Structure formats: structure tokens, C-alpha cells
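Worksheet: the structure to be examined is printed underneath.
The values are calculated or read from the model by the stated rules, or taken from the named source; none is laboratory data. This one's a predicted model, so the numbers in the text were calculated from it and none came from an experiment. With ideal geometry, Cβ positions are generated from the backbone for all residues, glycine too; neighbour counts draw on all protein chains shown.
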Ligand code: NAD
């Protein structure tokens with residue numbers, strides 16, 4: 001009996017949808033498809049959809065090179081991603097993951113439009129890194145079926161997904177998103193809504209500490225070497241910032257400083273901000289702390 005009740009409480013997820021086919025949307029669509037959950041990927045123009053699909057193909061090609069993926073798996077994964085420019089394509093999705101640009105107005109419109117086409121019991125999530133889930137929930141008539149589902153970049157390599165509970169999110173919604181995360185081969189952690197959620201609350205003070213050392217005159221290459229080679233982390237802070245992107249890091253630091261100034265005050269003359277202002281964004285435009293080929 002207990003088993004039956006648990007099943008009834010947690011909605012079975014047969015199809016996902018991703019809104020936005022950018023770095024994150026493309027990665028999330030790949031992840032869902034590669035774990036056998038068909039996914040509709042919606043964007044506003046064909047070029048963006050092509051980029052999302054080519055991102056998935058790139059990951060699969062790398063897997064083929066390494067002998068981890070065969071032609072059958074490649075075809076099955078790509079076939080499980082349905083690109084579309086139309087909202088009607090997401091009408092049967094059980095879980096919809098919004099991953100459009102980090103702009104509360106755009107996200108608000110997209111969330112409203114989504115609610116108009118999906119089933120009453122569909123679950124709607126946002127992959128936002130910095131916008132309050134409670135604020136985004138105000139765009140929905142049914143905020144109880146909404147929560148954050150925060151993947152990390154690159155999606156196919158980062159195991160964690162932060163599931164962010166808004167003040168109106170029901171336990172059924174959280175349970176279904178936890179189940180979806182597991183089905184997608186990721187590790188869920190449920191957190192409350194707050195600036196930076198969990199990971200960025202830990203990561204950004206580390207970045208701030210690094211920035212202050214650089215301002216004190218430390219050589220960033222030497223700091224990276226110590227943290228990576230000697231301390232044993234996968235990469236040092238400067239390299240990690242190049243991966244994250246100076247625009248993303250600077251924006252996230254500002255949002256946290258606004259939300260919790262007593263804990264996460266912005267660093268004056270932060271090298272991250274200076275690099276951002278000099279358009280040295282990191283790996284995405286091939287120059288940040290380091291130059292990339
Ligand atoms: P991106 O700029 O690469 O992609 C955004 C995509 O959204 C673009 O393809 C754009 O065409 C599309 N889009 C814009 N308006 C749309 C609309 N109305 N309907 C459908 N698609 C629309 O951005 P990204 O880096 O993939 O980030 C997406 C989200 O994920 C943001 O909320 C960001 O904060 C979050 N996030 C990013 C990272 C990261 O490291 N990049 C990590 C975690 C979370």
C-alpha cells in the first residue's frame with residue numbers, strides 16, 4: 001500500500017522540455033536525451049536551435065572518439081531531442097525546464113506563455129543562477145508546481161543539480177523534480193530560495209578571496225598552480241573564472257552583494273569586474289585571465 005501511495009504522489013516523467021537552446025539548454029537537452037528521456041528543445045530562432053543540437057552532437061562525437069559512445073547511442077540520443085520554435089511542441093511535457101537568458105522580464109514572459117500551453121499537472125522549473133525563485137513564481141497562476149532546477153556548466157560533466165524550493169512549491173513538485181534529476185543521471189540537493197542558493201554561496205567568497213590576493217599583488221598563475229597542482233583541486237580560481245565567464249561571475253557577485261551585503265560585499269576594483277569591463281570574458285571569447293588558442 002505504501003508503495004502505491006508513493007507512486008501516486010510522485011508524477012512519472014516521460015517527457016521533458018527545455019526552453020532556450022543556449023549553453024545550458026543544449027546541455028540539459030543532451031543530458032535528458034542521453035538518459036532516455038525524450039526532450040523538446042524550444043528557442044526563438046533556428047540558429048539557436050542549431051547551436052543547441054550541435055552542442056549535443058559535439059559531446060557525443062567526443063564520446064565516440066573515447067570509445068564510450070557507439071553510432072546507435074549517438075543516433076538514439078539525437079533522435080530523442082526534438083527542436084522546435086513553437087510552444088505547441090511542449091504541450092505534453094511532464095517537466096519543463098526554463099533556461100532562457102538571465103533576465104527576469106524575459107523569464108517572466110516565457111513562464112506565463114509556458115503555463116498557457118502545458119497540462120495542469122505539468123511541473124515548471126527555472127535554471128536561473130541568480131534570480132529569486134519566489135520572484136519568478138509571481139508570474140505563474142499555479143506557483144505550487146514551480147521550483148528552481150539549477151544545473152551547472154558543463155551540464156554533462158557536473159553531477160550536481162540544486163533544486164530550489166519556493167515558498168509555494170509543494171512537496172509533490174519537489175519529489176517529482178528529485179526523481180527527474182535522478183532519472184537524468186544527476187545528484188539532486190534540495191535547498192531553500194536565497195541569493196546564491198548553496199554552491200554559489202560557497203564559491204563566491206572563494207572567488208572574492210582570490211580577487212583580494214591578486215589586488216595584494218599575488219600572481220594569479222602562481223595561485224592557480226598552488227590550488228591545482230599542490231592543493232589538488234581540478235583547477236585554480238583564475239582558470240575556473242575563465243570557465244564560468246567574467247560576465248556571469250560579475251553579475252552573480254552583484255546579485256549576492258545586493259541580497260546579502262553583510263556577507264557577500266562586492267570587492268572594490270575586483271579584477272573580475274575589470275576583466276569583464278575590458279571584454280575579457282574568459283573561455284567564451286578566448287581571453288580572460290588566460291588567452292585561449
Ligand atoms: P545563453 O545565452 O547561452 O542561452 C540563452 C538562450 O535563450 C538563447 O539560445 C536564446 O536564443 C534563448 N532565448 C531567449 N529568449 C527566449 C525565449 N523567449 N524563448 C525561448 N528561448 C529564448 O544562456 P545560458 O548560459 O545557457 O544561460 C541560460 C540560463 O541558465 C540563465 O538563466 C543562466 O543564469 C542559467 N545558468 C547558466 C550557467 C552558465 O554557466 N552559463 C550555469 C547555470 C545556470
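Would you check if residue 133 is within 16 Å of the chain's Cα centre (by Cα), under 19 Å from residue 12 (Cα atoms) and not assigned by TED's automatic domain parsing to the domain that holds residue 238? No; evaluated as a whole, the condition is false for this residue. So for the stretch 30-38 (the condition being within 25 Å of residue 137 (Cβ to Cβ), touching a residue at least 40 places away in the same chain (Cβ under 8 Å) and within 11 Å of the ligand (Cβ to nearest atom)), does at least one residue qualify? Within the stretch 30-38 (the criterion being within 25 Å of residue 137 (Cβ to Cβ), touching a residue at least 40 places away in the same chain (Cβ under 8 Å) and within 11 Å of the ligand (Cβ to nearest atom)), the answer is no, since none of the residues qualifies. Among the criteria (1) within 15 Å of the ligand (Cβ to nearest atom); (2) over 21 Å from residue 113 (Cα atoms), the one residue 45 does not fulfil is (2). Here residue 190 meets each of (1) within 30 Å of residue 15 (Cβ to Cβ); (2) surrounded by 14 or more Cβ atoms within 10 Å (Cβ to Cβ); (3) within 16 Å of the ligand (Cβ to nearest atom) with one exception, condition (3). Scanning the stretch 124-146 for residues that are farther than 17 Å from residue 29 by Cβ and in contact with a strand residue (DSSP E or B) (Cβ under 6 Å, 6 or more places away or on another chain) gives 133, 136, 137, 140, 145, 146. Scanning the stretch 28-55 for residues that are at pLDDT 95 or above, in contact with a helix residue (DSSP H, G or I) (Cβ under 7 Å, 6 or more places away or on another chain) and either assigned to a helix (DSSP H, G or I) or more than 17 Å from residue 86 (Cα to Cα) (or both) turns up 29, 30, 33, 34, 35, 37. When we screen 72, 58, 62 for residues that are free of Cβ contacts under 8 Å to residues at least 24 places away in the same chain, under 30 Å from residue 251 (Cα atoms) and more than 17 Å from the chain's Cα centre (by Cα), the only hit is 58.
Among the residues of the stretch 208-221, are any touching a strand residue (DSSP E or B) at 6+ places or on another chain (Cβ under 9 Å), surrounded by fewer than 19 Cβ atoms within 10 Å (Cβ to Cβ) and modelled with pLDDT of 95 or more? Checked the stretch 208-221: no residue is touching a strand residue (DSSP E or B) at 6+ places or on another chain (Cβ under 9 Å), surrounded by fewer than 19 Cβ atoms within 10 Å (Cβ to Cβ) and modelled with pLDDT of 95 or more.
Taking the criterion of being more than 17 Å from residue 152 (Cα to Cα), in contact (Cβ under 8 Å) with a residue 60 or more places away in the chain and out of contact with any strand residue (DSSP E or B) (no Cβ under 9 Å at 6 or more places or on another chain), would at least one residue in the stretch 234-256 satisfy it? Yes; the residues of the stretch 234-256 include at least one that is more than 17 Å from residue 152 (Cα to Cα), in contact (Cβ under 8 Å) with a residue 60 or more places away in the chain and out of contact with any strand residue (DSSP E or B) (no Cβ under 9 Å at 6 or more places or on another chain).
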